[in-house]
1. Heavy atoms of the protein only, probe of 1.4 Å, neighbouring chains included. What is the accessible area of LYS112 in Å², nearest 10?
2. Order LEU232, LEU20 by their accessible area, 1.4 angstrom probe, all chains in place, largest first.
3. How much length, in nm to one decimal, is gained on full extension between ILE264 and LEU244, taken as 0.36 nm per residue of separation minus their Cα-Cα distance?
4. Return the Cα extents of region 141-296 along principal axes one, two and three, sorted largest first, each rounded to a whole Å.
5. Tell me the label-point distance for the pair ARG141, GLU57, using the 7 Å Cα-to-Cβ offset, in nm and rounded to one decimal.
6. With Rg and the Kirkwood Rh both taken from Cα atoms, where does Rg over Rh land for region 51-159?
7. Charges at C-beta only: +1 for Lys and Arg, -1 for Asp and Glu. How large is the resulting dipole of the chain about its Cα centre, in Debye rounded to 20?
8. For the chain, what percent of Cα pairs sit more than 27 Å apart?
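The values are calculated or read from the model by the stated rules, or taken from the named source; none is laboratory data. In this text, all values refer to a predicted model and were calculated from it rather than measured experimentally. We place every Cβ from the backbone using ideal geometry, glycine too, and count neighbours over all the protein chains shown. Quick note on the areas: whole protein, heavy atoms, side chains included, nothing else; ligands and nucleic acids left out. Shrake-Rupley method; radii C 1.70, N 1.55, O 1.52, S 1.80 Å.
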Amino acid sequence: MTLSGHSAATGGHTTAPRPLVIGATGMVGGLILRRLAEAGQQPIGVSRHPQAAPGIEWLTADLADPAGLALPSLETVYATSPAALVADAIPALAAHGMTRLVVFTSTSLETKQNSDDPDERELIRRWADAERRIIEQCAARGIAWTVLRPTLIYAEGRDANVSRIAALIRRFRFFPLAGGGEGLRQPVHADDLAQAAIAAAARPACFNKTYNLPGGETLSYREMVGRIFDGLGLRRMIIPLPGLVWAVVVPLAAKVVPGISGAIVGRMAKNMTFDLTPAATEIGWQPRPFRPDFRR
């Protein structure tokens with residue numbers, strides 16, 4: 001996917017406040033930072049721990065302490081950190097001049113709000129509340145906001161979704177499915193999301209709007225797993241298991257596979273898809289097909 005934002009630097013001299021990236025050491029935030037640097041925008045990355053990278057200035061700060069943020073003059077801010085932290089930091093960001101905010105949440109706010117797992121439902125409730133507070137606080141301060149809601153994010157070797165499945169396949173050489181794994185998915189690459197964030201920041205048509213950002217292909221959970229086998233260079237070995245077997249397997253598997261739960265298994269049969277048309281029309285969203293490669 002190729003999208004372009006505007007450059008804040010000309011002839012080596014900064015002509016506007018430099019973009020700030022919150023969550024800059026994360027999967028998507030790091031790619032936003034890299035692409036901004038490549039475009040000559042001289043971004044500033046925020047991290048709780050000291051960092052160093054060519055062409056990037058780092059600010060050591062903790063978003064959990066917004067009153068203690070020592071920030072430069074701001075204009076555009078990209079935020080991939082937890083939404084609740086971003087919501088709490090908006091007054092401080094606004095006080096330093098922020099007029100444009102692009103923030104990430106998730107389509108999970110729609111797909112998991114009725115989860116069978118009470119802890120997951122509570123997490124989604126808090127996430128939705130944080131998104132609402134972000135929008136309200138930006139509106140009250142005249143800050144142009146854009147909320148981006150990706151589907152299943154992956155970046156080979158870095159994410160907790162596709163790469164977790166890849167790790168299990170690499171270890172056991174097979175993957176168990178709940179039933180036929182017919183639930184539909186739209187995996188989206190983190191680098192496509194970085195490009196979309198930069199493009200959205202520069203387009204007035206995207207001001208004060210929320211966009212779902214699904215991946216470039218809609219495929220069944222089973223086929224998604226098959227593509228991960230392909231990306232590992234391994235023969236597909238996908239084994240459907242009935243629900244009664246999973247009832248026994250999940251408590252045992254949870255001891256060796258962090259994060260697995262009955263709710264996750266149950267969603268293998270659930271469609272979790274979204275329309276990309278609004279984002280395609282207004283952001284230029286053209287995400288890549290799902291062809292992960294874990295051999296590079």
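1. 50
2. Working: LEU232 25, LEU20 0 Å².
Putting LEU232, LEU20 in descending order of accessible area: LEU232, LEU20.
3. Numbers: separation 20, 0.36 × 20 = 7.20 nm, distance 1.53 nm.
Extra length from ILE264 to LEU244 when fully extended: 5.7 nm.
4. So the extents along the principal axes, rounded to whole Å, are 53, 32, 25.
5. 2.0
6. Working: Rg = 15.4 Å, Rh = 15.3 Å.
We get a ratio of 1.00 for region 51-159.
7. Numbers: 32 positive and 26 negative charges, 165 e Å.
With only Lys, Arg, Asp and Glu charged at Cβ, the dipole is about 800 debye.
8. Details: 19175 of 43660 pairs.
For the chain, the fraction of Cα-Cα distances above 27 Å is 44 percent.
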